[in-house]
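Written out below as structure tokens is the structure these notes cover.
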Amino acid sequence: MMPILAAERIVKQYPGVKALDGVTLSIDAGEVVSVVGENGAGKSTLMKVLAGDVRPDAGELRLEGEIVRFRDPRDAIRAGVVLIHQELSLADNLDVGANILLGREPRRGPFLDRGAARDQARAALSLVGLGRLDPATPVAGLGMGTRQLVEIAKALATDARVIIMDEPTSSLTDGETETLLATIESLKARGTTIVFISHRLEEVRRISDRVEVLRDGAHVGTLEGSAIDRESMVRLMVGRDLETSDLRSDATIGREGPPRLRVFGLETTRFPGSKIDLEVRSGEIVGLAGLVGAGRTELLRGIVGIDRIVSGVREIDGRPLVVHHPADSAAAGLVLVPEDRKADGLILEDPVRDNLVLAGLSRLARGPIRSRGRESVAATGLVGRLGVRPPRIAHPTGGLSGGNQQKVALGRWAACDPGILLLDEPTRGVDVGAKAEVHGLLDRLAREGAAILVASSELEELLSIADRIVVLHDGGIAGELSREEADESAIMALATGGRIRRDGTAA
Ligand SMILES: Nc1ncnc2c1ncn2[C@@H]1O[C@H](COP(=O)(O)OP(=O)(O)OP(=O)(O)O)[C@@H](O)[C@H]1O
Ligand SMILES: [Mg+2]
């Protein structure tokens with residue numbers, strides 16, 4: 001069969017990094033091909049080349065056998081090739097429908113055909129399981145998961161023949177991921193070709209006809225059909241076997257210290273009326289589970305004072321903490337590593353060193369003067385500990401791959417030794433090896449006495465690192481599960497508004 005789209009011997013050099021070093025990839029019509037590899041392996045760069053977003057230094061693209069040169073993404077879209085970027089790019093000032101139809105609004109004569117626009121937007125939304133979302137909803141208020149699904153609806157509305165999804169599930173919950181995987185199955189049945197990128201290898205195994213593995217800008221292997229399994233993918237990705245262990249199994253409940261953080265009756269503006277009581281003890285990692293929209297992010301932002309709260313009391317080490325500004329929390333050793341690293345995490349124009357030492361700046365300054373030397377030493381140490389690649393502290397942060405940016409976002413907080421660390425989706429988009437490093441880092445911080453609260457949509461992650469799991473539903477606490485009680489079905493039962501019977505089964 002003639003491949004629908006092929007990249008041949010693609011080379012792309014960035015200052016100091018060869019992102020792609022002669023990669024060849026061909027995709028047959030109607031196939032689901034996944035591309036996996038560690039952070040910085042070159043996946044996004046290769047996808048951008050396929051979609052006309054990056055011009056390769058050498059090599060060529062073929063569309064149904066013919067050599068093509070895409071000048072820009074619009075060129076590729078006209079040819080039926082659409083890329084959904086890793087970093088989402090919806091226009092916040094427009095509503096959902098306008099985003100989906102941007103630049104292709106249906107017209108009647110010179111006028112926008114509002115009825116047709118609404119119908120087209122609705123049709124695209126229902127393909128991704130958002131049939132009940134009103135196209136007139138402003139994008140600004142949507143959570144990350146819904147945004148991702150809207151982006152996919154937008155691509156579907158262009159009648160694309162090849163849809164490239166760069167880490168579409170990294171901000172989705174398990175339930176939304178199921179919706180997306182089902183959407184991919186139905187697109188495939190309709191003959192649409194899908195190129196899929198994810199660090200969640202289980203979903204890669206389920207969805208792919210073929211898996212292509214990149215390492216350090218080179219193609220290192222292909223797995224097909226029943227040969228696609230987690231171990232084989234990991235071995236090709238990292239070039240060795242990786243052991244995953246149950247980190248917290250020996251950090252048993254009861255050994256942790258006194259409560260460091262307590263909140264009483266905390267009400268966020270998003271869920272007025274839901275009062276949250278929560279406690280995190282020294283030495284403990286508490287997981288925060290819930291579906292997208294359950295209020296995990298709002299709770300974390302409310303605790304540290306990024307968002308105003310309606311009411312509630314915070315206590316640190318038994319003393320009330322008054323928060324007018326997140327800086328008040330930080331001064332008391334309470335910090336949040338946010339979910340959206342682009343919006344409130346990193347300054348992408350600045351070098352890695354500056355982002356890493358930003359949070360702990362005052363500690364590295366001698367008097368009022370910053371010490372460049374000490375900053376560099378501290379930053380170099382962190383880059384090594386977190387495995388940031390390339391390991392260069394002068395590299396612009398925006399030039400790092402998505403997962404490596406996430407490591408920098410985490411590292412800057414680890415750098416200032418917070419006593420109480422809240423994390424929102426700490427390993428979103430982080431590869432298997434780095435994920436283990438991040439989990440190891442959290443475990444180490446907890447053993448050193450930190451109190452840690454982690455929100456994650458990945459149940460597997462919570463089950464492996466949390467000492468207990470608090471499940472949110474509709475802005476309130478639906479229940480709490482000890483390490484022994486917690487498993488996927490118990491969490492899902494609470495997260496979807498069900499209850500757990502005394503015998504531990506879901507009702
Ligand atoms: N615009 C850019 N400027 C400079 N370097 C870049 C740029 N884009 C990518 N790179 C570098 O190219 C390499 C490959 O990056 P790429 O984003 O393709 O990785 P990736 O496999 O998608 O990783 P991740 O899983 O973290 O998303 C990385 O070393 C990255 O730092
Ligand atoms: Mg990427």
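The values are calculated or read from the model by the stated rules, or taken from the named source; none is laboratory data. None of the values given here were measured: they were computed from a predicted structure. Virtual Cβ from ideal backbone geometry, glycine too; neighbours counted across all protein chains shown. Keep in mind that these areas ignore ligands, DNA and RNA; they rest on the heavy atoms of the full protein, side chains included. Shrake-Rupley method; radii C 1.70, N 1.55, O 1.52, S 1.80 Å.
Taking R0 as 25 Å, what FRET efficiency do you get between GLN13 and ASP350 from their Cβ-Cβ distance, rounded to the nearest 0.05? Mind showing how you got there, number by number?
Working: r = 23 Å, r/R0 = 0.92.
Plugging the Cβ-Cβ distance into 1/(1 + (r/R0)^6) gives 0.60.
What FRET efficiency would be calculated for the residue pair MET2, ARG74, taking the C-beta separation as r and a Förster radius of 25 Å, to the nearest 0.05? Display every interim value, and only then the final one.
Numbers: r = 25 Å, r/R0 = 1.00.
My answer for the efficiency is 0.50.
Restricting the count to DSSP beta bridges whose residues both fall in the chain, what percent are antiparallel, rounded to a multiple of 5? Numbers along the way, then the final one.
On the way: 49 of 83 bridges.
In the chain, DSSP labels about 60 percent of beta bridges as antiparallel.
I want to check the label-to-label distance for VAL322 and ARG132. Put each point 7 Å from Cα in the C-beta direction and report it in nm to one decimal.
Rounded to a tenth, the inter-label distance reads 4.4 nm.
Any chance you could look up the accessible area of ARG374 with a 1.4 Å probe, heavy atoms only, rounded to 10 Å²?
Rounded to the nearest 10, that gives 90 Å².
Going by average Cβ neighbours within 10 Å, how do the peptides 165-174, 23-32 rank, with the highest at the top? Walk me through the numbers on the way to the answer.
Values: 165-174: 24.2, 23-32: 18.2.
Output ranking for 165-174, 23-32: 165-174, 23-32.
Under unit Cβ charges (Lys, Arg +1; Asp, Glu -1), what dipole magnitude, rounded to 20 debye, does the range 3-238 have relative to its Cα centre? Provide the component values of the computation, followed by the final result.
Values: 30 positive and 35 negative charges, 118 e Å.
Its charge dipole is roughly 560 debye.
What are the lysines whose alpha-carbon lies under 20 Å from the alpha-carbon of LYS12, with same-chain residues fewer than 8 places away excluded?
Of all the lysines, those that pass the test against LYS12 - Cα under 20 Å, at least 8 places apart if same chain - are LYS43, LYS48.
With the crude spin-label approximation of a point 7 Å out along Cα→Cβ, what separation in nm comes out for SER26 versus ASP53?
For SER26 paired with ASP53, the spin-label model returns 2.6 nm.
Which one, ALA331, LEU321, PRO426, is farthest towards the positive end of the dipole of the chain when Lys and Arg carry +1 and Asp and Glu -1 on their Cβ?
The one lying farthest along the dipole's positive direction is ALA331.
Take the alpha carbon gyration tensor of the chain, find the square roots of its eigenvalues, order them as a ≥ b ≥ c, and report rounded if a/c is under 1.5; if not, report prolate when a/b exceeds b/c, else oblate.
Values: a/c = 1.63, a/b = 1.35, b/c = 1.20.
Since a/c reaches 1.5 and a/b is larger than b/c, the shape of the chain is classed as prolate.
Got a sec? What order do GLU339, GLU349 fall in by accessible area at 1.4 Å, biggest, i.e. largest, first?
Numbers: GLU339 35, GLU349 145 Å².
The ranking, largest first, comes out as GLU349, GLU339.
Count the DSSP beta bridges whose two residues both fall in the range 3-238, then state the antiparallel fraction as a percent rounded to the nearest 5.
60
Using modelled backbone amide H atoms (1.01 Å from N, in-plane), which distant-in-sequence or interchain residues come within less than 5 Å of ARG281's amide H?
Sorted by chain and number, the residues that satisfy this are ARG260.
Just reorder ARG69, ARG392 by solvent-accessible area, largest first, 1.4 Å probe, all chains present.
Final ranking, largest accessible area leading: ARG69, ARG392.
Using a Förster distance of 25 angstrom, determine the FRET efficiency expected from the C-beta separation of GLU87 and ASP119, and round it to 0.05.
With R0 = 25 Å, the Cβ-Cβ based efficiency is 0.25.
Using the Cα centre of the chain as the reference point, and only Cβ charges (+1 on K/R, -1 on D/E), how large is the resulting charge dipole? Debye, rounded to the nearest 20.
Details: 65 positive and 74 negative charges, 261 e Å.
Approximately 1260 debye in magnitude.
Whose amide H sits under 5 Å from the amide H of LEU5, counting only residues 5 or more places off or on another chain, with H placed in the peptide plane?
It is ILE27, GLU64, by chain and number.
Relative to the present Cα-Cα distance, how much length would full extension add between ARG107 and SER232 at 0.36 nm per residue of separation? Kindly include the intermediate steps, with their values, before the conclusion.
On the way: separation 125, 0.36 × 125 = 45.00 nm, distance 5.11 nm.
Full-extension gain reported as 39.9 nm.
What whole-number value in Å² describes the accessible area per residue of the chain for a 1.4 Å probe?
Details: 21910 Å² over 507 residues.
Roughly 43 Å² per residue, with all protein chains present.
At what distance in angstrom do the alpha carbon centres of the range 155-170 and the range 382-458 lie from each other?
29
Spin-label point model (7 Å from Cα, Cβ direction): what's the VAL220 to ARG205 distance in nm?
In this crude spin-label approximation the distance works out to 1.9 nm.
When all protein chains stay in place, what accessible area (Å², nearest 10, 1.4 Å probe) is found for ILE477?
Counting only protein heavy atoms, the figure is 70 Å².
How would ARG78, ARG428, ARG370, ARG55 rank on accessible area, largest to smallest, probe 1.4 Å? Can you show the working numbers first?
On the way: ARG78 170, ARG428 25, ARG370 110, ARG55 150 Å².
Ranked from most to least accessible, the order is ARG78, ARG55, ARG370, ARG428.
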